[in-house]
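The values are calculated or read from the model by the stated rules, or taken from the named source; none is laboratory data. If you're wondering where the values come from, they're calculated on a predicted model, not measured in any experiment. Methodologically, a virtual Cβ is constructed for each residue, glycine included, from the backbone with ideal geometry; neighbour enumeration extends over all protein chains shown.
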Amino acid sequence: MYSRQYTYTDDGKPRLIFEQVGLATVTAYLVDWSAPEFSIRGAGVDVIEAAVKQLDGDDFDEIKAAIDAHVQAMADERAAEKKTAAGASASSATSLSLVGAAGATSG
């Protein structure tokens, strides 16, 4: 996705190609995606990108909106997991050493 969104200047610095962001994002998410009426599993990135370019604007916008909603849902899910996993976790119990259990000292 990122390689399709950027080009490099003569001095080697990456430059974002704004016009490519939506197309690159949609193409990246559609790789190995499949639906019964539109099976594209196993198709190459160039084939998928060519197909996406043939979509009318409304269809493209609908797919992009679904992808954006998915990305946001996953971000929200990760944020919620971080909130519930906050704080120190309980340590597992430590078992007695055999020396201490037998009554001898270890030093």
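Assorted remarks:
- Considering segment 40-72, and only residues there that are exposed (fewer than 10 other Cβ atoms within 10 Å of the Cβ) and part of a helix (DSSP H, G or I), the residue that is nearest to the chain's Cα centre (by Cα) turns out to be ASP46.
- Some residue of segment 13-27 being part of a loop (DSSP other than H, G, I, E, B), exposed (fewer than 15 other Cβ atoms within 10 Å of the Cβ) and at pLDDT 75 or above: yes
Rundown of residues vs (1) more than 20 Å from ARG4 (Cα to Cα); (2) at pLDDT 90 or above; (3) not aromatic (Phe, Trp, Tyr), yes/no style:
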{"site": "TYR29", "(1), (2), (3)": "no, no, no"}
{"site": "ASP32", "(1), (2), (3)": "no, no, yes"}
{"site": "PRO36", "(1), (2), (3)": "yes, no, yes"}
{"site": "ILE67", "(1), (2), (3)": "no, no, yes"}
